[in-house]
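Read through the structure below, which is laid out as structure tokens, and then see the notes.
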Amino acid sequence: MVRTKILKINRRNIDLNIVKEAARAITKGKLVAFPTETVYGLGANALDEAAVKKIFKAKSRPADNPLILHISEFSQLRVLAKHLPRDAQLLAKKYWPGPLTIVVEKSDLVPSVVTAGLPTVAVRMPSHEVALALIKTAGVPIAAPSANLSGRPSPTTAEHVIEDLYGKVDIIIDSGPTDIGLESTVINISRKPYLLLRPGRITLESLSKCIPIKLHPALKKTTKPKRPESPGMKYRHYAPRGKLILLVGDRTKLIGVINQMSKEFKEAGLTVGVFSPFKAEFEADRAVLCYGSKEEFAKKLFMALREFDSYDIDIILVAGISAKGLGRAVMNRLEKAAVYKVINL
Ligand code: TXA
Ligand code: MG
């Protein structure tokens, strides 16, 4: 058991002394959970093999799932990458700092424990003020997966991190809820064709205006690849304790079917939760309803899953959205969490 210290940092008025304390912990090989604009990350000095190993242990993360390196300046990418594709510069200029992770060939400087033995490395420059200040002050790239226990929904508040990792990490920085609520978009530009490996806030549609890029076959519902391109693809993430049923289709029919299912599950003695991108009269023990925007639905998704768990909800009925733009990322996370998907209602 580690003694976990919780440090509050106001992102609008950053106390550099607190940042220095957290940065010192990083350079000493300790674990620091910190906010980013997407989700909270569990950070360690990426160049310190022993420190990186602690991340895998604290999260119970399989050793074959590689980590993202977080940087605060573009020049750090030059050091971490073997060759810098010209398009990396283009992408960084347009999207960094921001929720885009770029996979490139790795340099010898990157320990293989970070990349799970892969010849490539994933790098991103987050835009959250506190994350940037921490990386800059530490002076090293920070390896950080999402700061949840493996298999739990990603954390969008410091409370979520405390739930999963208290007593397992040295410092948890609390700067309030994150902005986006879904993890970064991951793309592989280490070879052609460039592939989108994980959808996020930076959409395929937007990236396509900048570089030629394709959706990884595993993200297309119709085909299944023999081997996952991104090790993260093969794990069933975000599993809430309750069984999640994802429903897609016409809004009026959706409301009717959700209420009918809800009634039947309740009659069978089960507790039911509903998560919906719109407001309606739902029959549920617990409901998280959003106000019409995809952004709001995305931001609340992981929080809702944790809320249902905390109320011991047995069945989570979710109204899906169209898988375009940010909707692709939302549906990707919901499909991973779902036990069943009902389509074409
Ligand atoms: O928004 C985010 O990306 C958050 C915050 C903390 O930055 N981090 C995050 O990390 O979501 P994590 O470890 O939960 O997800 C990293 C994903 C995994 O699916 C992993 O397999 C993939 O990136 N990945 C990492 N390195 C890779 C590589 N070299 N090639 C392919 N995929 C890689
Ligand atoms: Mg994760």
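May I ask you to say which residue of GLY139, GLY117, GLY167 is open to solvent by 10 Å² or more (accessible area, probe 1.4 Å) and over 20 Å from ILE71 (Cα atoms)? Even if it seems obvious, please write down each step before you answer.
Numbers: GLY139 fails: over 20 Å from ILE71 (Cα atoms); GLY167 fails: open to solvent by 10 Å² or more (accessible area, probe 1.4 Å).
It is GLY117.
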With the checklist (1) at pLDDT 95 or above; (2) open to solvent by 10 Å² or more (accessible area, probe 1.4 Å) in hand, flag the one item PRO85 doesn't pass. (1)
Looking only at the stretch 193-225, which residues are modelled with pLDDT of 95 or more, outside any helix (DSSP H, G or I), farther than 25 Å from TYR40 by Cβ and open to solvent by 20 Å² or more (accessible area, probe 1.4 Å)? PRO193, LEU195, LYS209, CYS210, PRO212, ILE213, LYS214, LEU215
Assuming GLY117 fulfils every condition listed in (1) touching a helix residue (DSSP H, G or I) at 6+ places or on another chain (Cβ under 6 Å); (2) more than 16 Å from ligand 2 (Cβ to nearest atom); (3) not in a helix (DSSP H, G or I) apart from one, which condition is it? (1)
Condition check: touching a Leu at 6+ places or on another chain (Cβ under 8 Å), more than 15 Å from ligand 2 (Cβ to nearest atom) and either outside any helix (DSSP H, G or I) or open to solvent by less than 20 Å² (accessible area, probe 1.4 Å) (or both). Does VAL123 satisfy that? yes
Test VAL257 against the criterion of being open to solvent by 10 Å² or more (accessible area, probe 1.4 Å), hydrophobic (A, V, I, L, M, F, W, C), farther than 30 Å from SER206 by Cβ and modelled with pLDDT of 95 or more, and give yes or no. yes
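Provide a single number: the residues in the stretch 162-188 that are on the phi < 0 side of the Ramachandran plot and either among the charged types (D, E, K, R) or away from ligand 1 (no atom under 11 Å from the Cβ) (or both). Explain how you work it out, then say what you get.
We begin by selecting, within the stretch 162-188, every residue on the phi < 0 side of the Ramachandran plot; these are 162-166, 168-175, 177-180, 182-188.
Going one step further and asking which of them are either among the charged types (D, E, K, R) or away from ligand 1 (no atom under 11 Å from the Cβ) (or both), we end up with 162-166, 168-175, 177, 179, 183.
Result for the stretch 162-188: 16.
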Within the stretch 1-30, track down each residue that is under 27 Å from ARG201 (Cβ atoms), of a type outside the set (A, V, I, L, M, F, W, C) and not in a loop (DSSP other than H, G, I, E, B). LYS8
When the stretch 294-345 is examined, which residues are found to be assigned to a loop (DSSP other than H, G, I, E, B), within 19 Å of ILE255 (Cβ to Cβ) and open to solvent by 20 Å² or more (accessible area, probe 1.4 Å)? ILE321, SER322, ILE343, ASN344, LEU345
Being within 15 Å of ligand 2 (Cβ to nearest atom) and part of a loop (DSSP other than H, G, I, E, B) is the filter here, so list the residues in the stretch 135-168 that pass it. ALA144, PRO145, ALA147, ASN148, LEU149, SER150, GLY151, ARG152, PRO153, SER154, PRO155, THR156
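The values are calculated or read from the model by the stated rules, or taken from the named source; none is laboratory data. Note that the structure is a prediction, hence the values are computed from the model and not measured. Every residue, glycine as well, gets a Cβ built from its backbone with ideal geometry; the counts of neighbours run over all protein chains shown. Each accessible area value is taken on the protein alone, full model and side chains, heavy atoms only, with ligands, DNA and RNA left out. Shrake-Rupley method; radii C 1.70, N 1.55, O 1.52, S 1.80 Å.
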